Every structure is written in C-alpha cells, then in structure tokens.
C-alpha cells in the first residue's frame, strides 16, 4: 500500500542554494509513496518587503537567519530518499497538487543578470499581493495577472562526484527548470544520479511566462504533493515531462540554439520510442505540430522545450508500449 | 469607400524566390482597400509529387516552367502598390481570410539545412493529402494533424539600395516570418521601405509548429484576403503583430539568443508605449506573463516571438492611446 508522508516545514528540512548528493535525507519513503511539502520562496534578506502589509512568515525569517546560504537563493525542501532508486533508474514525479501558501510574492531585476542585463543596469524590486481566493496577483494598481502556480525547482541530487552544485543552473538532475508546464497534473521524469534519488523541490512561482525573462517569476511560498515512483524500465537519461495532453521534451544549454536543438532531438527520440514512425517522419512531425518554446533565458543554462500533443500518436503507437 | 481587388492567379503576377523593390507592381490599390490573392506553394520541380493521386495544378506547372527562379523556393503573389505609402510609414496588414486551396501539401528534410543538419544528412520528401472539409492533414496512415493555415511569407519590398533579397531570410521588411500566429484574424504591421510598400504574400502553410524545425511546414497553396492600410501615425521601425487576444513582438537573428533578446526589447517598447508603466515594470510583466516562443530555427535569420495577452493592459492604458 502506498503511504502518504509529510515533510516537516522547518529549516532543518531545507537546504539553501545547493544541490549535493552528500546532504542527508530528511525523509525516507518507498517507491510509489507520496510526500507533501511546503517550500519557502527563493529569497535573501535584501529581497524581503519592508512594507508591513506584507507579513514575513516566521519560518522564512528563521531560515534566513539559521541556514548556511549556498551559491543561489532557492530554498529546497528535502531531500527525500526514495528506497530502491539507483543511478540508471528514472524517478517518476507525479505532481499531484501545487498551492501557493503566502499572500505575497516578489519580482526582481538584478544588475548583470536577466535576458537584457545591459538594458537594465540597476536593481528593481517589486512586492505584489496575491489574492488566492480570486486567483490573482495584484502586480500593480490596475494590473492583475492570473495565478498559475508551479515549483521552479524540482530535482534529484547530482552525481556524488560532482560535489555541491548551485541550485541556479538546471542540469541532467533537473533542478531549476523554471518550466511553467510543471504545474499540478504534470509528471516529470528525472534520471536518478545517486542512491535514493534525493528528491527536493522549492522556488514557488505564482505565475511565469515562457522565458522568465527579467530573472524572476512571482517568487512565493508553495505547498505541493508529489508521488515518487522508481522506474527501472524506462532507461531515459535526460529530463522529460508529460502534461495531461502533451509530451514536453527539454533542452538545457548556455546557448539557446543548442538548448533548442537538444529539445528537438529529445522529442524525436521519444516519438520513435513510442510510435511506429521513422526518425525522419518524427522530425517532420515535430516541424508540423511540435511547439518549441523558450523555458527560461536567465538560469546560466538556458532552457527550451517542445510541446507535442500526445493524442497525435494514438493511431501509430507501438504495440509494446503502454 | 474602400475597394476590394483581386490579384490574378497567373505566373506574371508572381515572383519566385526574390524580394526586390525594383519589381514592377501588378496591382495598385488605395490605403484601406483589400486584396484577394492565391499563392502557389513554395516549390521546385524536385519537390513535386510523382504519385498521380496528387494532382499538380496547371498554374504551378506553368510557373515552374516560365518564371525565373531566385535564390529561394517561395512563390510570392504580388507585389501590390499601396498608394501613399512611403518609407517611415507602417503598413497595417489585416489578415482577413486564409484558405488552403490544394488537396495536398509536402514536407521535406534537406541535407545541411533544418535545425539538426548533422543528424539528418540525407534528403526526405513526404506528400500528404489535405481533407479541407474535415480540416485534417493526413500526414501518415494513422497520423492526422489539424489544419491551421497561414502564409509563411508576408512582406513588403526591401529598401531599393539593398537590391534583390532571397525570400528565405526574414528581415525588417517581414517576408518569411513563418509565424503561425499570422493566421486569419491577426494584424501584421511592417515598416514600409519603399514607395508604395510593394506588398506580397505566399508560402502557404497548412500547419506548422513553433520552430518549423525540420525546415518546412506542410507546404501548400493558400488563398488569402488582406486589408492594407498605410499608417503615418505609428512610427514603428520593426515588425509587430496583434492577434484577437495577444500582442506579438518579434526578434530575428542568426543567433536565437539575440532573436529572443530582440523580441523581449520590442515587447517592452510596445508595453511602455501603450501603458502607464515604467520600463522596469514592463520587463517584469514580460517575465510574469509574456510567453517567449521560437518562431523558426531554419530561415537563416532565426525567429523568436513573445505573446502577451492584450487585456492585461486594460487597467493601465495611456489616455492618449487608442
């Protein structure tokens, strides 16, 4: 019987800014179990609101005081050890629920960062109220944006011999994918890099466009429920996702052209694995019906992802594929 | 009173593969008039079907025989001279109707071209039936893709001193934008480069994903109706579009990173022009709600475009902007 677990919401069940296979797990679960967690927003003391209308959660204040900060600003909740997971396996992460739990978030522009660092050489910081009941972010007077929440960071630990890795850069282990398709209902597949996988999540985004161009989304606290299943049968060596309706292939590279090429290659590979079509026809199908989007351009490795409607393959599926 | 015109569907009202301000207009219309035209698919004799189930239209056969081929494969219908248009103006192109008129189309992979030239060093050619009544492209047995037609090429003439330009490369004068958002109902704005603007269109696409990654969309014949209006009031110097619901900013560059940056800069500029928000807040809004998509990666200049929901600005519009 799958069990449901809760990761305690306190600083000693969090890591600030680093992925590292050497970090001790805070929870051990069986494959197929689910885990609920709450995450703090990516934050530093300099990004806190000074307006008392924005209440600072005591766990956030405590974490900013007591946790050692790694090279990035993301607070990860975890890691969670999934029994039986070994390098070579794939961790299937069913994102069952995603809920913002704070009534504010922030955005920032930082000098030398973002998509247009030379155009915006000064820093800007904006705090915005979140009306969870109405499903709206009040960005500015007269300017509301609909909530569409997801976790910017969902990852497993990197290989042990890589040592500590900044959470900013998304890599083969997932992490700061900042992909808005990873909302509730989506399944993310990450290749396991170390025993137990060491799953963690954080970096709640109340909303984000494809690109996350200014550097941040609406950064806020996020609660989530994830079902974690060890897949020994897939053999995939790169992140991949499925929404209710679409396959989502991913590319990550400092160069957006290379990220785009990788996302296309990955989608071709997944089509050919599932369907009785040639590589050439899979490439043509990507051209005809695959939507190549910019995931983000601000995380060191940029991201591109391709969306392909799953039902397109219904009539050409391989008999031996579930 | 605006007048409706029809451009004759015959080779002497077409140009094959070249944009050039020196080409004589085939039709003169007043600003605000509409023009109906039919366009041949981008084609060469080597891309014609040999299966007699695919009927070759006599005008296509004739055009392939009698027209001099420029450096690219697109047949443009036009050019159309719009009275009063001068460099510095913007040509507002309301895309009133788009209808495929052939019952087949093709896709091709060409060596050394496309997003993944090293992965696909051989040529492939696929012809597909179009069921216009059902709205489907029968790509392969068991694999249908929904028709979602648009003109890959919509352009004005380049500046006269640029001489002839290959239709493959989208530039400031528009042309081979290959942007699937340019479907019926969308308005495209192009900066006029020469007297009369010299509008033309072609390169019908029955469907295409964002990216057009293999090199082609479903290449087919397309009929369209366009209302062409000279705008002396806009002062825009780069292409821009509006769908019924979204602004669409565009970037074009050999480097997809630079194309993405340009699309972001253009959207910021258009937000600030329309709304009472600072440049910094416009940049943040792009990050929060602007979707950066890859238009195409196969046309010499690659394309990126950002989609932003127009209604987001309703509460912050400048009083002096219509």
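The values are calculated or read from the model by the stated rules, or taken from the named source; none is laboratory data. The structure displayed is predicted, hence computed values, not measured ones. So basically every Cβ, Gly included, is an ideal-geometry build from the backbone, and we count neighbours across all protein chains shown.
For the reader, a short list of remarks on this structure follows.
- Within segment B:269-284, the set of residues being facing another protein chain (nearest Cβ under 7 Å) and not in a loop (DSSP other than H, G, I, E, B) comprises B:280, B:281, B:283, B:284.
- Annotation: of all residues in segment A:288-311 being under 26 Å from the mean Cα position of the chain (by Cα) and in a helix (DSSP H, G or I), the one that is nearest to the other protein chains (Cβ to nearest Cβ) is A:289.
- All positions within segment A:90-119 that are crowded, with 22+ Cβ neighbours inside 10 Å and closer than 30 Å to residue A:195 by Cα: A:90, A:91, A:93, A:95, A:98
- For segment A:271-278, the condition holds for no residue, the condition being that it is out of contact with any strand residue (DSSP E or B) (no Cβ under 7 Å at 6 or more places or on another chain) and within 26 Å of residue A:213 (Cβ to Cβ).
- Which numbered condition residue B:262 misses (of (1) under 21 Å from residue B:179 (Cβ atoms); (2) within 13 Å of chain A (Cβ to nearest Cβ); (3) touching a helix residue (DSSP H, G or I) at 6+ places or on another chain (Cβ under 9 Å)): (3)
- Residue within segment B:31-40 that is in a loop (DSSP other than H, G, I, E, B) and closer than 19 Å to residue B:169 by Cα present: yes
- Hits in segment B:199-214 (condition: in a loop (DSSP other than H, G, I, E, B) and in contact with a helix residue (DSSP H, G or I) (Cβ under 8 Å, 6 or more places away or on another chain)): B:207, B:208, B:209, B:212, B:213, B:214
- Here residue A:21 fits the description: assigned to a loop (DSSP other than H, G, I, E, B), touching a helix residue (DSSP H, G or I) at 6+ places or on another chain (Cβ under 7 Å), under 21 Å from residue A:156 (Cβ atoms) and at pLDDT 95 or above.
- With respect to (1) under 14 Å from residue B:178 (Cα atoms); (2) free of Cβ contacts under 8 Å to residues at least 60 places away in the same chain, the lone exception for residue B:305 is condition (2).
- Counting only strands (runs of 3 or more DSSP E) that sit wholly inside segment B:100-148, those with at least 3 residues that are more than 11 Å from chain A (Cβ to nearest Cβ) are B:124-131.
- The selection criterion, being farther than 30 Å from residue A:110 by Cα and in contact with a helix residue (DSSP H, G or I) (Cβ under 9 Å, 6 or more places away or on another chain), does not hold for residue A:67.
- Of all residues in segment B:10-23, those being more than 20 Å from the chain's Cα centre (by Cα) and touching a residue at least 24 places away in the same chain (Cβ under 8 Å) number 3.
Let's see how each residue does on (1) more than 14 Å from chain A (Cβ to nearest Cβ); (2) touching a residue at least 24 places away in the same chain (Cβ under 8 Å); (3) assigned to a loop (DSSP other than H, G, I, E, B):
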{"residue": "B:183", "(1), (2), (3)": "yes, yes, yes"}
{"residue": "B:189", "(1), (2), (3)": "yes, yes, no"}
{"residue": "B:193", "(1), (2), (3)": "yes, yes, yes"}
{"residue": "B:197", "(1), (2), (3)": "yes, yes, yes"}
{"residue": "B:216", "(1), (2), (3)": "no, yes, yes"}
{"residue": "B:229", "(1), (2), (3)": "yes, yes, no"}
{"residue": "B:238", "(1), (2), (3)": "yes, yes, yes"}
{"residue": "B:248", "(1), (2), (3)": "no, yes, no"}
